[in-house]
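Visitor: Input: one structure, supplied below.
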Amino acid sequence: MNRHDYVVTAVLLLVHVALLVVGFEVLAAVFQFPDILREPAEVRFQLFAENRGIIIPTYYLLALTGITQIAISVLLGQVLDENRTSLVSMTVVFGVVTGLLQVMGFIRWPVLIPWLVDSWQAGMPLEQVAFLEGAFNRYVGMASGEHVGFLCQAIWTTLLGISMLSRRLFDRSLGWVGIAIGVASFPMAMEPLQGPFAVFAVTTVPVNAALYLWLILLAISLLRTSAPEGQGIRFGWKVYA
């Protein structure tokens, strides 16, 4: 691989993380995210209507992170192994599926929800609008975006970490950290099923935060990797601390 491939992959990793962090912080400030998703539909509709000028473009940017997820999955697969072994190929597949489900989960907010809110404000009974919104939230949001999406993300992260262990491009410690984050993501993926799995809701923030920091470290490693040698920098305990 050449230096250009490393730089492009690193920059896209940083852009991907930046979009996610900024998007979630904005929604937390103006839309009480993620707690608002568990509130009654009328509360959610009212808050959405009051701040739609910010909420709609923010959710659209978050939907774009599904596309950046697909791109970084393909690029990381390329820089890890130009010939694509079966392990790396499977890693790319789960990374791409994660991105597709991410788009599906987020895109309903800038496209479907405004129409439902407008219908409610125009006089459509709240019960009917809430039923439609609830059905899409549970199937597209919770089942597809959160449950299956997080499940694929967990598999992608785990396989990506395993792929790093047998290659010189990344420090082996980054591989082990990726595996740990991937394994920790599996309980998080069960939370949308509710019932006894609802307790795993507390893992969402720390696991995702760890994932974002890990992706930043991958970007830093690629930016400082010498193309002729193809060997990434070493990370000590101080970096992880």
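Visitor: What does the extension gain come out to for residue 126 and residue 139, with contour length at 0.36 nm per residue minus their alpha carbon separation?
Guide: 2.7 nm
Visitor: Something else: Filter the DSSP H helices in the chain by two things, a Kyte-Doolittle mean of at least -0.5 and an axial alpha-carbon span of 30 angstrom or more, and list the hits by number.
Guide: Helices meeting the span and hydropathy rule in the chain are 3-31, 52-80, 86-121.
Visitor: Still on this structure, please answer the following. Residue 183 to residue 42: FRET efficiency via 1/(1 + (r/R0)^6), r the Cβ-Cβ distance, R0 35 Å, to the nearest 0.05?
Guide: The computed FRET efficiency comes out at 0.35.
Visitor: Among 102, 153, 231, which one shows the highest mean-square fluctuation when the chain is modelled as a Gaussian network with alpha-carbon springs under 10 Å?
Guide: Per the Cα network of the chain with a 10 Å cutoff, 231 tops the list.
Visitor: Let me ask another. Compute the accessible area per residue over the stretch 43-185, keeping the other protein chains in place, probe 1.4 Å, unit Å².
Guide: Normalised by residue count, the accessible surface of the stretch 43-185 is 42 Å².
Visitor: How much of the accessible area of the stretch 1-117, in percent, comes from carbon and sulfur atoms when a 1.4 Å probe is used?
Guide: It is 68 percent, rounded to a whole number.
Visitor: Here is a further query. Check residue 170: other-chain or 5+ apart residues with amide H under 5 Å from its amide H, H built from backbone geometry?
Guide: Long-range HN contacts for residue 170: 232.
Visitor: Can you figure out the FRET efficiency of residue 87 with residue 60, using R₀ = 35 Å and their beta-carbon distance, to the nearest 0.05?
Guide: My answer for the efficiency is 0.55.
Visitor: Further question: As an exercise, find the ratio Rg/Rh for the chain from alpha-carbon atoms, using the Kirkwood inverse-distance average for Rh.
Guide: 1.02
Visitor: Report, in whole Å, the centroid distance computed from the Cα atoms of the stretch 194-241 and the stretch 147-163.
Guide: If we compute the Cα centre of each part, the gap is 13 Å.
Visitor: Using the Cα centre of the chain as origin and beta-carbon charges of +1 (Lys, Arg) and -1 (Asp, Glu), tell me which of 148, 214, 132 is placed farthest towards the positive end of the dipole.
Guide: 214
Visitor: Can you find, among 67, 233, 163, the residue farthest towards the positive end of the dipole of the chain? Put +1 on the C-beta of Lys and Arg, -1 on that of Asp and Glu.
Guide: 233
Visitor: According to a simple spin-label model (label point 7 Å from Cα along Cα-to-Cβ), what is the distance in nm between residue 239 and residue 22?
Guide: 2.6
Visitor: Probe radius 1.4 Å, ligands and nucleic acids ignored: give me the carbon and sulfur share of the accessible area of the stretch 156-241 as a rounded percent.
Guide: After summing per-atom areas, the C and S share lands at 72 percent.
Visitor: With a sphere of radius 12 Å drawn around the Cβ of residue 10, what net charge do the other residues whose Cβ falls strictly inside it have (Lys, Arg +1; Asp, Glu -1)?
Guide: +1
Visitor: Between residue 226 and residue 112, what is 0.36 nm times their sequence separation minus the Cα-Cα distance? Round to one decimal in nm.
Guide: Here the answer is 36.4 nm.
The values are calculated or read from the model by the stated rules, or taken from the named source; none is laboratory data. In this text the structure is predicted, and so the values were computed from the model without any measurement. All Cβ positions, glycine included, derive from the backbone under ideal geometry; neighbour counts span all protein chains shown. Calculation scope for accessible area: heavy atoms of the full protein, side chains included, ligands and nucleic acids excluded. Shrake-Rupley method; radii C 1.70, N 1.55, O 1.52, S 1.80 Å.
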